[in-house]
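**Q** Next up is a structure, given as structure tokens.
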Amino acid sequence: MSSIGSPTGAAPTDTGRAAATARGHLFNAGSLGRYRDVLARGVDRVARRVGEADRPFTGVTPDELAPLIGAIDLDRPLGDTDAALDELHDVWLRDAVYFHHPRYLAHLNCPVVIPALLGEAVLSAVNSSLDTWDQSAGATLMERRLIEWTAGRIGLGAGADGVFTSGGTQSNLQAMLLAREEAYRTVGGAAGRPDRPQVLSRLRILTSAAGHFSVQKAAKLLGLAADAVLTVPTDANRRMRTDELARAIDRCHRDGQVVMAVVATAGTTDFGTIDPLPEIADICAAAGVWLHVDAAYGCGLLVSPTRRHLLDGIERAASVTVDYHKSFFQPVSSSALLVRDGRTLRHATWHADYLNPARAVEQGIPNQVDKSIQTTRRFDACKLWLTLRIMGPDAIGALFDQVVDLAAQAWRRLDADPRFEVAAPSQLSTVVFRYRPAGLAPDLVDEANLYARDALAASGAALVAGTKVDGAHHLKLTLLNPETTVDDVAHVLDLIADHAAWYARTAAVAELSCPV
């Protein structure tokens, strides 16, 4: 009888013994008991840590964690699940930022729903890759069905299509790729295949001054000119001014430039504002310009029982970005790009003989890699699928409505508080403000707000974000946790005011005691 991992009749080698041991860690029919046990232990650790977290953050600094992580010898395994989980607790779980906590009020990170966590566990274990049918089978059709469902919610029409992506930045990048190729095709059709670099140098993208930075990044990655992205001013409510948009398009035409896309935003990162989509759609239709709507944040309105009308006009877009991992309460990553005309996705297609040969198209085999700028890709659609099948879209929409309602209450509280100055009201769930009580010297306002944010984070009691408004430092509440209450918000505001007031007093005393 042969020894495991050795040639017939030979003694097992060190390599053979190591391989035999390693095979015991593979997930297969022979390791189901170990699989259940190991995952249960991991789930128990996470559940205990989330349950005991009395604040969203410990306040740990990079200097404190770096030596601990740097000292770990990755070439010497611990060989024990519990020991590894103990170590994981020390290097990550103990000091992780917990978005589940009601006083995490910083970025666009949401707590996640349990059906989506179930989907995460299932898709990771099966490990389907959503590039070709022979790697994913039913998963391909499930993703396509979710794309069809989302396009229907948007109202893009029967010819719509799309693909899941890693996030809003990738969705925006692919949208600009499609817009670039369509613009080049149009110019080429009029001028008989002109020099490509010359055409690319003329292409321009118009976007709101409050839009997402990923548009500028996309232009750089796509080889456009350094000044290809032109920002359109916003009004007092931080929404794109349509009169300025029309003028910008006219200027581009007069200067011999080609407007390849207008990017409107449905939910700006800082202000939660939605650009006037119907008017922008009218302008783009008249000018024959590709309209992309970045609804990474505002896509939760697609399932809102009370606020869907805020997205009126989105159905006229050529492409739309949605981030389910923002306002659908899904784990990262879960995003998608939708297009009105599914044929435009061909600009991301490349046929490889080993993967998706042209004959696969002729045979009608559905391959998602033909639509994506990724090849190997997780079945992230599984999470949304289970969420819809267990909870339903109305439940998701109700959760999103709840945080939007909370933001409106927080804005009113801040507006009535003499300690603070508040920016324009949000249409979604962010509130931008700053500490600025009467009598505080103007040169101390920025410093006091910066100090308050840092001190709050160092305490770990709460986390808020920061941004700049017209060059001045502001603070930002991003409310995506339905468990957060008005009392939580009030407590955090008091903490901010206490930190900022302490800094202002200390700075004033220091200035008085400083010799002239």
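**Q** What are the residue pairs meeting all of these: first residue in the stretch 49-78, first residue more than 29 Å from Glu483 (Cα to Cα) and outside the structural domain of His491 (by TED's automatic domain parsing), second residue of a type outside the set (S, T, N, Q) and part of a loop (DSSP other than H, G, I, E, B), Cβ atoms under 7 Å, and 6 or more apart or on different chains?
**A** Between residues of the stretch 49-78 that are more than 29 Å from Glu483 (Cα to Cα) and outside the structural domain of His491 (by TED's automatic domain parsing) and residues that are of a type outside the set (S, T, N, Q) and part of a loop (DSSP other than H, G, I, E, B), the close pairs are Leu65/Asp95.
**Q** Let me ask something additional. Answer yes if at least one residue in the stretch 98-108 is assigned to a helix (DSSP H, G or I) and in contact (Cβ under 8 Å) with a residue 60 or more places away in the chain, and no otherwise.
**A** no
**Q** Restricting to the stretch 419-455, give me the number of residues that are closer than 13 Å to Ala501 by Cα and either among the aromatic types (Phe, Trp, Tyr) or touching a residue at least 12 places away in the same chain (Cβ under 8 Å) (or both). I'd like the intermediate steps shown before the answer.
**A** As a first pass, look at the stretch 419-455 and keep what is closer than 13 Å to Ala501 by Cα: 419-420, 434-441, 444-453, 455.
Next, from what is left, pick out any that are either among the aromatic types (Phe, Trp, Tyr) or touching a residue at least 12 places away in the same chain (Cβ under 8 Å) (or both): 419-420, 434-438, 440-441, 444-453, 455.
Here the count works out to 20.
**Q** Now, a different point. Which one of Arg202, Arg185 is modelled with pLDDT of 90 or more and more than 23 Å from the chain's Cα centre (by Cα)?
**A** It is Arg202.
**Q** Residues that are among the polar types (S, T, N, Q) and within 24 Å of Ala236 (Cβ to Cβ): list the strands (runs of 3 or more DSSP E) wholly contained in the stretch 400-516 that include at least 1 such residues.
**A** Numbers: elements: 420-422, 430-435, 463-469, 472-478.
Result: 430-435, 463-469, 472-478.
**Q** For the stretch 389-428, what are the residues that are surrounded by fewer than 18 Cβ atoms within 10 Å (Cβ to Cβ), among the aliphatic types (A, V, I, L, M) and farther than 25 Å from Gly466 by Cα?
**A** Matches in the stretch 389-428: Ile390, Met391, Ala395, Ala398.
Quick grid of which residues meet (1) out of contact with any helix residue (DSSP H, G or I) (no Cβ under 7 Å at 6 or more places or on another chain); (2) more than 22 Å from Ala106 (Cα to Cα):
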position: Asp37; (1), (2): yes, yes
position: Arg45; (1), (2): no, yes
position: Arg48; (1), (2): yes, yes
position: Gly59; (1), (2): no, no
position: Pro77; (1), (2): yes, yes
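**Q** Can Ala151 be described as modelled with pLDDT of 95 or more, in the same structural domain as Phe329 (by TED's automatic domain parsing), of a type in the set (A, V, I, L, M) and farther than 26 Å from Thr375 by Cβ?
**A** Against the criterion (modelled with pLDDT of 95 or more, in the same structural domain as Phe329 (by TED's automatic domain parsing), of a type in the set (A, V, I, L, M) and farther than 26 Å from Thr375 by Cβ), Ala151 does not qualify.
The values are calculated or read from the model by the stated rules, or taken from the named source; none is laboratory data. Note that the structure is predicted; figures quoted are calculated from it, not measured. Backbone-built Cβ (ideal geometry, glycine too); neighbour counts: all protein chains shown.
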